[in-house]
Amino acid sequence: MASPLLRASLLFLAAAAPAASYDLVRRQAAANATYRDPNASVDDRVADLLSRMTIEEKTAQLIQGDFSSWINTTSNAFNASGLAWNAANRAGQFYVGYAIPPAWVAEGVRKAQDYLVQNTTLGIPAFVQTEGIHGLLIGNATVFNSPIAQACSWDPDLIEQMARIIADESKTIGVNQVFAPLADLAREPRFGRVEETYGEDPHLVGEMAYSYVVGVQDHDVSATIKHFAGFSAPEQGLNTGPVHGGERELRTTWLPSFKRAIIDAGAYSIMGAYNSYDGIPTIADYHLMTEILREEWGYKYWLTSDAGATDRICCAFKMCSCTPRGGGQKDAVDGEAITLYALPAGNDVEMGGGSYNFANIPELVQAGKLDIDVVDTAVARQLRAKFALGLFENPYPGLGASNGTNGTSGFPHKTESVKVARQLDAESIVLLENKKQTLPLKKDAHVAVIGPMADFVNFGDYVVYRSQYNAQNVNPLQGIRNASTGTVTYAQGCERWSNDESGFADAVSAAEAADVAVVVVGTWSRDQGELWTGLNATTGEHIDVNDLKLVGAQAKLVKAIIDTGKPVVVVFQSGKPVTEPWISDEAAALVQQFYPGEQGGAALADVLFGDVNPSGKLSVSIPHDVGSLPIFYDYLNSGRFAGGSAPNPGEIYDNGTLKFGSSYVFGTPEALYDFGYGLSYSNFTYSNVTVSKSTVSADDTITASVSITNTSPVDGKEVVQFYVQDVIASVVVPNKQLKGFKKVLVKAGETVDVSVDLEVKDWGLWDIRMKYVVEKGDFIVHAGSSSRDLRGKATVKVS
């Protein structure tokens, strides 16, 4: 029940609202309508509600609104007329991802949903949206590590736990839709948004995205799978650039992770992409959004464009007119052309950030240029998601019982949330090198902590403005100091963005006085406020690179510390692979920590001092050099080693000697560290690789098994990976593909039998006539510790 003050505000809003938004006669007629009956089928409810809607009401469902229309995000002042206007024109969903107190969001959401439900003709609640790839994009929400790191945990259960926390925090302030997860693949490391992905492999990405969807939607918050599809390998690695590929590559590589997250997990919404694929803008691609997504896959819910993406049809792709206006104004676009390209193709909703072209839907329908059935189909898809999610029965879960703080007491940072953030971060850390068992460190050791990333909270993109300064954050220096019982000294050495070496002397002195040096270097991104203001960064959305080496003086700093002769542990804290092979050779230990969350420093210390045995495995391959890209492990047969011959790499030695090779003249096409690679403080052996059936049909499911023995005195977790190789195929297929994995704890001296079910239907290919088929013949099931380190195999014949 609304408070008297709120009811008075709503009465005022109703009086001030445009006539089209409130029709008393129609509202009374709908009082006992089928769409209001929670016991009616979703299809019946959708059909009934759609039949009652005017073209203006339908159009309002298809354009994103914004919280700032009625809440001043600086002062929290309420704009009643702004809410009434938004409800009449952009009522289907609205965005709330601002760096403001959660209570402001909660109260603003309550006002908006109350107005929509009580003071519009049909009472249709809205989707309330913000980002959520590694934490809710709202001030003071729990920040988890970036997805590229999360995937290195190879632990879908942990991803689901994280997603449940994000959903719970969302509901506390009335958010019922998060723009996550990504099902994109990290196939182009130069691309700035690698950090937002779950890695390079379709199966791993699909499993992580699936678990995220299940986690949030089981807690009544809609996921949004993005960016559909084929987005993340743009030409030259440049953001929003065209992606080159054909139908077979689209279906073999790009779509499986999306289908797993969208269809298998039952995602309620999808976000389109900015790119073109094979010359067709994805937001205007009828084949992708209708023929594949809806007709082949049977998807029933809705798809929205990304922010400003519809305008790109004119201004980037040059498929319609785009006239510069100057003076900081948006370019003038052909809104009619944009709507007629995007909406009939299957792009149901237009997100903000552009020209709001879908506002012309009523005129286009009246003029006979747009079929009303197209409009009805788009509206029905979104309504179906709202009914399925239960929004009509509970428009603001988490806000239902006001407690004097707008439902936000205890938000957020519950003890369990912090625990999961720390565990996920620790299990995502990958140990790349550990010479002479340098790690774990003794807790009473004198440790020199050095580097520009050491006393710095290095979040990836898509965190709220200035969240890196939250009091609960733990950076590497703090984490090491908190864990150590010995002496910890610190020297920054250099700025991350500078070639200035004036701080080297202090850093060298600190290392020389210590037992061991921990040097933290890498890349950096920015929060969603800073990223778009021109401040320097080396990763993040629209921040692309043509080199994967350390920036500025960082590499020289590492060299100076190694040259002290003290054991040096180098930590790469980054959003993408770093290519400094000499550090792998010269450092005593090398640790990869992709962008951490708020507990990143504590998690790093857990691993460095041995409280956590590292179990992370790379979710993306690391090349020797940017020149050897692409480096993904599942290259097509005939790739990488032409003709099946071994590589013949050349090399330039430190003393200047040149060794000439052919693949490459000075370099190698092989990865420096392969997908799935990661060391442990334990040692594991593999034996007894078996399959439950050696002769199968395409409809069968088999169980692949292997015995894992921990031959060390330390308990540890191993990620057991199963790859399938199609021995003879009628078209060119990947040399092998990950089809299953399991992370298991193996106690010291013990053996664990690990089994994974593999569905033979997933071993198919798109044949020469572009039909999906599991071909008859031999397949090899490999079990291993990485995509290269395969320890055993079994042959399966499909008959």
Rg from C-alpha atoms of segment 218-306, normalised by the globular rule of thumb 2.2 N^0.38 Å, equals 1.05
With every protein chain kept in place and a 1.4 Å probe, the chain has an accessible area per residue in Å² of 36 Å²
Cα-based Rg then Dmax for segment 674-794, in Å, read 15.7, 55
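Kindly give the semi-axes, whole Å and largest first, of the ellipsoid equivalent to segment 583-625, taking each as the square root of 5 times a Cα gyration tensor eigenvalue.
Taking √(5λ) for each eigenvalue gives 20, 14, 10 Å, largest first.
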Per principal axis, largest first, the Cα atoms of segment 206-264 extend in Å by 40, 23, 13
Of the convex hull drawn through the C-alpha atoms of segment 289-356, the volume per residue in Å³ is 78 Å³
Computed from every Cα-Cα pair in segment 408-496, P(r) in 10 Å bins starting at 0 and rounded to whole percents is 13, 37, 37, 12, 1, 0
Sorting ILE225, VAL520, PRO649 by the position of each Cα along the dipole of the chain (Lys, Arg +1; Asp, Glu -1; all at Cβ), the one nearest the positive end of that ordering is ILE225
Taking every other residue with Cβ under 10 Å from the Cβ of ASP37 and scoring Lys and Arg +1, Asp and Glu -1, one gets 0
Expressed in square angstrom to the nearest 10, the accessible area of ILE768 with a 1.4 Å probe stands at 130 Å²
Any aspartates and glutamates whose Cα falls less than 13 Å from that of LYS226, other than same-chain ones fewer than 8 residues away, would be GLU131, ASP184, GLU196, ASP306
Once the dipole of segment 637-777 is set up from charges on Cβ (+1 Lys and Arg, -1 Asp and Glu), the residue from the list THR751, ASN683, ASN637 lying farthest towards its positive end is ASN637
Taking N as the number of residues in segment 84-181, the ratio of its alpha carbon radius of gyration to 2.2 N^0.38 Å works out to 1.21
Relative contact order in percent for the chain (Cα pairs under 8 Å, 6+ apart) equals 12 percent
With Rg from the Cα atoms and Rh as the Kirkwood inverse mean 1/r over Cα pairs, segment 621-736 has an Rg/Rh of 1.07
For the pair HIS542 and THR415, the simple spin-label estimate (label points 7 Å beyond Cα toward Cβ) gives in nm 4.4 nm
Given 4 °C, 1.567 mPa s and a Kirkwood radius over Cα pairs, the Stokes-Einstein diffusion coefficient of segment 482-555 in µm²/s is 89 µm²/s
For LYS717, counting only aspartates and glutamates whose alpha-carbon sits under 18 Å away and dropping same-chain residues fewer than eight positions off, the answer is ASP155, ASP157, ASP425, GLU427, GLU433, ASP606, ASP611, GLU750, ASP753, ASP789
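What is the dipole size for the chain, taken about its Cα centre, with +1 at each Lys and Arg Cβ and -1 at each Asp and Glu Cβ, in debye to the nearest 20?
It works out to roughly 660 debye.
Semi-axes, largest first, in whole Å: what does sqrt of 5 times each Cα gyration tensor eigenvalue give for segment 260-419? Display every interim value, and only then the final one.
Numbers: eigenvalues 217, 88, 61 Å².
Output for segment 260-419: semi-axes of 33, 21, 17 Å.
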For segment 164-214 (alpha-carbon point model, no solvent) the Debye-based log₁₀ I(q)/I(0) at q = 0.13, 0.14, 0.27 Å⁻¹ works out to -0.38, -0.43, -0.96
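Quick one: order TRP532, TRP302, TRP766 from most to least accessible surface, probe 1.4 Å. Don't skip to the answer; put the middle values down first.
Details: TRP532 130, TRP302 0, TRP766 45 Å².
Of TRP532, TRP302, TRP766, the descending order of accessible area is TRP532, TRP766, TRP302.
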Segment 553-644, Kirkwood Rh and Cα Rg, ratio Rg/Rh at 1.04
Relative contact order of segment 284-351 (C-alpha contacts under 8 Å, at least 6 apart) in percent is 46 percent
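Quote the convex hull volume per residue of segment 68-124, based on C-alpha atoms, as a whole number of Å³.
Details: hull volume 3.9 nm³, N = 57.
Cα-based convex hull of segment 68-124, divided per residue, equals 68 Å³.
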With Cα coordinates, the longest principal axis of the chain makes an angle with the long axis of helix 156-172, in degrees rounded to 10, of 40 degrees
For segment 498-626, the Kirkwood Rh over every pair of distinct alpha carbons, in Å, works out to 15.9 Å
If every Lys and Arg gets +1 and every Asp and Glu gets -1 at its Cβ, then about the Cα centre segment 249-349 yields a dipole, in debye to the nearest 20, of 200 debye
Taking a straight Cα-to-Cα line shorter than 17 Å from LYS797, and setting aside same-chain lysines fewer than 8 residues away, one finds LYS693, LYS736, LYS739, LYS761, LYS776
Projected onto the charge dipole of segment 570-708 (unit charges on the beta-carbon of Lys, Arg, Asp and Glu, signs +1, +1, -1, -1), the Cα from SER619, TYR595, ILE583 with the largest positive-side position is that of SER619
If every Lys and Arg gets +1 and every Asp and Glu gets -1 at its Cβ, then about the Cα centre segment 669-786 yields a dipole, in debye to the nearest 20, of 120 debye
Placing one equal point scatterer on each C-alpha of segment 636-690 and summing with Debye, one gets log10 I(q)/I(0) at q = 0.25 Å⁻¹ equal to -0.97
With no solvent term and unit scatterers on the alpha-carbon positions of segment 330-478, Debye gives log₁₀ I(q)/I(0) at q = 0.09 Å⁻¹ of -0.66
In cubic angstrom per residue, the convex hull of the chain built on its Cα atoms measures 174 Å³
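What's the Cα-based Rg to Rh of segment 734-791, Rh via Kirkwood?
Values: Rg = 15.2 Å, Rh = 14.1 Å.
Reported Rg/Rh, Kirkwood definition of Rh: 1.08.
The values are calculated or read from the model by the stated rules, or taken from the named source; none is laboratory data. Keep in mind that what you see is a predicted model, and the values were worked out from it rather than measured. All Cβ positions, even for glycine, are placed from backbone atoms using ideal geometry, and neighbour counts span all protein chains on display. Just so you know, the surface numbers come from the protein's heavy atoms only, side chains and all, with ligands and any DNA or RNA stripped out. Shrake-Rupley method; radii C 1.70, N 1.55, O 1.52, S 1.80 Å.
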